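Participant: Encoded as structure tokens, here's the structure I'll be asking about.
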Amino acid sequence: MHISAWLIYALIALVFWGITGVTQKLSTNAISTEMSFVWFVISMVVIAVIILFVEPIQWHVSAKVFWLAVLGGVLNGLGALTSFAALESGGKASIVIPLCYLFPLVTVILALLFLHESVTLHQAAGIVLALIAAVLLAQEPQTATKDIPLA
């Protein structure tokens, strides 16, 4: 049985990001969104520096590709920052992280619109189920109101 390299990488990312949800919640329980984000960025810089020393980098890219990569980094950073804010402001990791990681739904819609990709019936069913999951995850249970005595 042959497993594709992309699938192995995707499964490794799944494990890393799964653990990350818990570490982000633990950090935002103890420090601010902003400080959590600063440490997140510092860790990314460390990884980038290691890559610079380990892998040969092709620096000659078009301006369009450069700015697309920069925009991707900015959007990724803003997504991380707002996910930290969601966790710090009381969101449960078991809800916030799965909800945030439904971002591929946006990717699928944009890929359909701008990259002219297509989806199969099975994939469309998966998209619908993911949308249903997002709605169900976002539902907050009604908390019982407690009467406060006025006297």
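Participant: Taking the range 62-79, which residues are touching a helix residue (DSSP H, G or I) at 6+ places or on another chain (Cβ under 8 Å) and over 28 Å from GLN24 (Cα atoms)?
Facilitator: Here is the first cut: in the range 62-79, the residues touching a helix residue (DSSP H, G or I) at 6+ places or on another chain (Cβ under 8 Å) are 77, 79.
Across the range 62-79, there are no qualifying residues.
Participant: Can you find, within the range 1-23, the residue that is least open to solvent (accessible area, probe 1.4 Å) among those that are of a type in the set (Gly, Ala, Ser) and within 15 Å of PHE84 (Cα to Cα)?
Facilitator: Here is the first cut: in the range 1-23, the ones of a type in the set (Gly, Ala, Ser) are 4-5, 10, 13, 18, 21.
Still in the list and also within 15 Å of PHE84 (Cα to Cα): 18, 21.
Details: GLY18: 47, GLY21: 4 Å².
If we take residues in the range 1-23 being of a type in the set (Gly, Ala, Ser) and within 15 Å of PHE84 (Cα to Cα), then GLY21 is least open to solvent (accessible area, probe 1.4 Å).
Participant: Out of PHE53, PHE16, I need the residue that is closer than 28 Å to LEU99 by Cα and in a helix (DSSP H, G or I). Which one?
Facilitator: Values: PHE53 fails: closer than 28 Å to LEU99 by Cα.
Only one candidate passes the filter, namely PHE16.
For every residue, the table says whether it meets (1) at pLDDT 90 or above; (2) under 28 Å from ILE42 (Cβ atoms); (3) out of contact with any Phe, Trp or Tyr (no Cβ under 9 Å at 6 or more places or on another chain).
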residue	(1), (2), (3)
TRP67	yes, yes, yes
VAL70	yes, yes, yes
LEU78	yes, yes, yes
PHE84	yes, yes, no
LEU115	yes, no, yes
LEU136	no, no, yes
GLU140	no, no, yes
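Participant: Search the range 120-136 for residues that are farther than 14 Å from VAL108 by Cα and pair each with any residue that is open to solvent by 40 Å² or more (accessible area, probe 1.4 Å) and at pLDDT 90 or above when their beta-carbon atoms are under 6 Å apart and the residues are at least 6 apart or on different chains.
Facilitator: Partner pairs satisfying both residue conditions: none exist.
Participant: Would it be correct to say that TRP6 is among the aromatic types (Phe, Trp, Tyr), assigned to a helix (DSSP H, G or I) and under 24 Å from ILE127 (Cβ atoms)? Lay out the reasoning, then the answer.
Facilitator: Details: among the aromatic types (Phe, Trp, Tyr): yes; assigned to a helix (DSSP H, G or I): yes; under 24 Å from ILE127 (Cβ atoms): yes.
It is true that TRP6 is among the aromatic types (Phe, Trp, Tyr), assigned to a helix (DSSP H, G or I) and under 24 Å from ILE127 (Cβ atoms).
Participant: Run down VAL96, VAL106 and say which single residue is among the aliphatic types (A, V, I, L, M), open to solvent by less than 60 Å² (accessible area, probe 1.4 Å) and modelled with pLDDT under 90. Give the steps one after another, and end with the answer.
Facilitator: Values: VAL106 fails: open to solvent by less than 60 Å² (accessible area, probe 1.4 Å).
Selected residue: VAL96, the only one of VAL96, VAL106 that is among the aliphatic types (A, V, I, L, M), open to solvent by less than 60 Å² (accessible area, probe 1.4 Å) and modelled with pLDDT under 90.
Participant: Could you please give the count of residues in the range 60-71 that are open to solvent by less than 100 Å² (accessible area, probe 1.4 Å) and either in contact with a Ser or Thr (Cβ under 7 Å, 6 or more places away or on another chain) or not in a helix (DSSP H, G or I) (or both)?
Facilitator: 2
Participant: Being at pLDDT 95 or above and open to solvent by less than 80 Å² (accessible area, probe 1.4 Å) narrows it down to one of ILE57, ILE42, ILE50, so name that one. Before you say what the answer is, go through the steps one by one.
Facilitator: On the way: ILE57 fails: at pLDDT 95 or above; ILE50 fails: open to solvent by less than 80 Å² (accessible area, probe 1.4 Å).
Unique residue meeting the criteria: ILE42.
The values are calculated or read from the model by the stated rules, or taken from the named source; none is laboratory data. Quick caveat, the model's predicted, so the values are computed rather than measured. Every residue, glycine as well, gets a Cβ built from its backbone with ideal geometry; the counts of neighbours run over all protein chains shown. SASA here: full protein model, heavy atoms, side chains in, ligands and nucleic acids out. Shrake-Rupley method; radii C 1.70, N 1.55, O 1.52, S 1.80 Å.
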